[in-house]
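Asks: Take this structure, written in structure tokens, and hold onto it; I'll ask about it next.
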Amino acid sequence: MEQEIKNAIGLGISELVIESEPKPEPEPEPKATVTIYDFSALLSKYEPPKKQR
């Protein structure tokens, strides 16, 4: 009876492998933050000259 219970919950299986805890993944480095002011400066830098009417 005891052996049947062990087999039912997987303790009697020799193929059962105990896995070690996974290593925590390193946190990704923070990406550079672009503000609306940076974006505006970049747009105005590469904006074609305006035509005068």
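Asks: Just give me the residues in the stretch 21-41 being outside any helix (DSSP H, G or I) and either modelled with pLDDT under 75 or among the aliphatic types (A, V, I, L, M) (or both), in sequence order.
Replies: Ala32, Val34
Asks: Take the stretch 21-46 and flag every residue that is open to solvent by 100 Å² or more (accessible area, probe 1.4 Å) and of a type in the set (D, E, K, R).
Replies: Scanning the stretch 21-46 gives Glu21, Lys23, Glu25, Glu27, Glu29, Lys31, Lys45.
Asks: Next question. Can you tell me which residues in the stretch 1-19 are open to solvent by 100 Å² or more (accessible area, probe 1.4 Å) and either β-branched (Val, Ile, Thr) or at pLDDT below 75 (or both)?
Replies: Passing the criteria: Ile9, Leu11, Ser14, Glu15, Leu16, Val17, Ile18, Glu19.
The values are calculated or read from the model by the stated rules, or taken from the named source; none is laboratory data. Nothing here was measured: the structure is a model prediction, and the numbers come from that model. These accessible areas exclude ligands, DNA and RNA; they are computed on the full protein's heavy atoms, side chains included. Shrake-Rupley method; radii C 1.70, N 1.55, O 1.52, S 1.80 Å.
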